[in-house]
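Please read the structure below before turning to the comments.
The values are calculated or read from the model by the stated rules, or taken from the named source; none is laboratory data. This one's a predicted model, so the numbers in the text were calculated from it and none came from an experiment. All Cβ positions, glycine included, derive from the backbone under ideal geometry; neighbour counts span all protein chains shown.
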Amino acid sequence: MLSIAIAGKPNAGKSTFFKAATLADVQIANYPFTTVDANKGVGYVRVKCPCIELEARCGRCVEGIRYIPVELIDVAGLVPDAHKGRGLGNEFLDNLRQAQAIIHVVDASGGTDIEGNPVGIGDHDPLDDVKFLEHEITMWIAGILKRNWDRLSKKASAEGVKIEDLILNQLRGVGVDELEVKRALHNAKVDLDTPTQWSDDELVTVADWIRRESKPLLIVANKMDIAPEDNIKRLMELDYIVVPTSAEAELALRMASKHELISYLSGDSEFSIKVDGLKPAQKKGLLKIQALLKDFKSTGVQDAINRVVFELLDNITVFPVEDENKFADSNGSVLPDAFLMKRGGTSHDLAYMVHTDIGNGFLYAVDARSKMRLSEKHELEDGDIVKIVAVKR
């Protein structure tokens, strides 16, 4: 399952975002360090279910909308110098190790300072928060990279060890792969033949590019309903995917839906009230959210998760089946599973995702729609329904 970290300074709304996405029981309060230990929960990406084009329905979607699980990690709030252990910095950075991407929840209203303390709306520049998170993660990676660098780089040079292997060994456990290191070294434009002579600044530059490659960021411009328009505009101009969001509105809608007060699916642009006799405060709150949805089209929470998975991480959705004629498994369940995989993944890659034995015994695959046979190197496309044929071992 994909793991996505939800990060940000205290009081930016990241725990509200996490609860809105997962309905997990987490503490939300208006003071720093509400989140001490990382909360883990299941969020979902929203996709169109192929069963709406079939005669049989899968029973796993809602009105043709399928929700596929991803792991969300609500990490401890971040403060300046977290990479030096300040605040809960060590816990925060340790929790980033397993994440494939980071959703950075930023208080777009500018109503909290760099440490998360309340200030007047617009008094703090949210762009500073973006730079601050970048800096802390880069310096965390640089700190690990620098440990015994002089000795290790000289030893590696003497023994003919490749520079990417040296770096991978240093960053073992940080969640970095060889391709990411190679891309980072290319972009950093450092002399690969003389790593023993790299300055501290060059090591930081390498670390910064490793951060960009291994921990890609999506920015959630939270509190969009109260944020100054210029703040949203300037955030949207950053070289990131930026999603204006109201995590508070999404949480209110999810809770109202859970208690069957409204009809609402996460990511919808509207909702309908299902009951009469709502309390005045409830009705007032829902009417306020209706106006917000009219202006912004959605609360942004579902959009943020979808864009991390499908745009930032470039995944597609594939549906493996055992019976290509009925689009079902051996028990007759229609479209029983939905897998997220990297764009460019092959039918053989999917076989391994289903089970190692199926991957090892792979013979060929079948496109369930066209009934055409697919080779092991055939690149799958988003929404494909595929049968895997394998030798039983």
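Which condition number in (1) modelled with pLDDT under 90; (2) assigned to a loop (DSSP other than H, G, I, E, B) is the one that N90 fails?
(2)
What residue, of F362, F327, is aromatic (F, W, Y) and either in contact (Cβ under 8 Å) with a residue 60 or more places away in the chain or under 30 Å from S269 (Cα atoms) (or both)?
The unique qualifying residue is F327.
When you go through V206, V243 one by one, which is the residue that is over 24 Å from I305 (Cβ atoms), touching a helix residue (DSSP H, G or I) at 6+ places or on another chain (Cβ under 9 Å) and surrounded by 18 or more Cβ atoms within 10 Å (Cβ to Cβ)?
Numbers: V243 fails: over 24 Å from I305 (Cβ atoms).
After ruling out the rest, the residue left standing is V206.
Give me the residue from segment 363-374 that is under 16 Å from V318 (Cβ atoms) and out of contact with any Ser or Thr (no Cβ under 8 Å at 6 or more places or on another chain) and, out of that set, surrounded by the most Cβ atoms within 10 Å (Cβ to Cβ).
Once the filter is applied, the top-ranked residue is A368.
For the structure I just gave you, tell me whether E250 is in the same structural domain as S109 (by TED's automatic domain parsing) and surrounded by fewer than 22 Cβ atoms within 10 Å (Cβ to Cβ).
Numbers: in the same structural domain as S109 (by TED's automatic domain parsing): yes; surrounded by fewer than 22 Cβ atoms within 10 Å (Cβ to Cβ): no.
Considered against the rule, which asks whether it is in the same structural domain as S109 (by TED's automatic domain parsing) and surrounded by fewer than 22 Cβ atoms within 10 Å (Cβ to Cβ), E250 comes out as no.
Answer yes or no as to whether S333 is hydroxyl-bearing (S, T, Y) and either touching a residue at least 60 places away in the same chain (Cβ under 8 Å) or at positive phi (or both).
Values: hydroxyl-bearing (S, T, Y): yes; either touching a residue at least 60 places away in the same chain (Cβ under 8 Å) or at positive phi (or both): yes.
Yes, satisfied.
Report the residue count in segment 126-156 for those that are crowded, with 16+ Cβ neighbours inside 10 Å, more than 30 Å from I219 (Cβ to Cβ) and either modelled with pLDDT under 90 or not small (G, A, S) (or both).
3
Do we have any residue at all in segment 174-195 that's free of Cβ contacts under 8 Å to residues at least 40 places away in the same chain, out of contact with any helix residue (DSSP H, G or I) (no Cβ under 6 Å at 6 or more places or on another chain), buried (at least 18 other Cβ atoms within 10 Å of the Cβ) and farther than 30 Å from K297 by Cα?
Yes.
Quick one: which of K392, K387 is over 30 Å from L218 (Cα atoms) and more than 29 Å from the chain's Cα centre (by Cα)?
Matching residue, one of K392, K387: K392.
Which pairs turn up if I take residues in segment 65-78 that are within 18 Å of V105 (Cα to Cα) and in contact (Cβ under 8 Å) with a residue 60 or more places away in the chain and look for partners that are surrounded by 21 or more Cβ atoms within 10 Å (Cβ to Cβ) and of a type in the set (D, E, K, R) with beta carbon separation below 9 Å, at least 6 apart in sequence or on another chain?
Filtered contacts from segment 65-78: D74/K14; D74/K19; V75/K14; G77/K9; G77/K14; L78/K9; L78/E136.
Please report, ordered by residue number, the helices (runs of 4 or more DSSP H) entirely within segment 196-309 with at least 3 residues that are modelled with pLDDT of 95 or more and of a type in the set (G, A, S).
247-258
Report, by residue number, each residue of segment 141-171 that is touching a residue at least 60 places away in the same chain (Cβ under 8 Å) and of a type outside the set (A, V, I, L, M).
G143
Could you grab me the full set of residues in segment 313-352 that are more than 16 Å from E381 (Cβ to Cβ) and either part of a helix (DSSP H, G or I) or among the small types (G, A, S) (or both)?
Correct list: A328, S330, G332, S333, A351, Y352.
So that you can scan it fast, the table gives a plain yes or no per residue for (1) in a loop (DSSP other than H, G, I, E, B); (2) modelled with pLDDT of 90 or more; (3) of a type outside the set (G, A, S):
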residue: A5; (1), (2), (3): no, yes, no
residue: N30; (1), (2), (3): yes, no, yes
residue: T35; (1), (2), (3): yes, no, yes
residue: V45; (1), (2), (3): no, yes, yes
residue: I52; (1), (2), (3): no, yes, yes
residue: R60; (1), (2), (3): yes, yes, yes
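Which ones in segment 267-282 are at positive phi and within 32 Å of the chain's Cα centre (by Cα)?
G267 - this is the single residue of segment 267-282 that is at positive phi and within 32 Å of the chain's Cα centre (by Cα).
What are the residues in segment 158-173 that are surrounded by 16 or more Cβ atoms within 10 Å (Cβ to Cβ) and assigned to a helix (DSSP H, G or I), if any?
In the first step, residues of segment 158-173 are kept if they are surrounded by 16 or more Cβ atoms within 10 Å (Cβ to Cβ); the result is 163-164, 166-168, 170-171.
Across segment 158-173, the qualifying residues are I163, E164, L166, I167, L168, Q170.
Working only within segment 369-388, note down all residues that are outside any loop (DSSP other than H, G, I, E, B) and aliphatic (A, V, I, L, M).
If the condition is that a residue be outside any loop (DSSP other than H, G, I, E, B) and aliphatic (A, V, I, L, M), then L374, I385, V386, I388 are the ones that fit.
Is it the case that S333 is crowded, with 18+ Cβ neighbours inside 10 Å and touching a His at 6+ places or on another chain (Cβ under 9 Å)?
So S333 does not fit the description; no.
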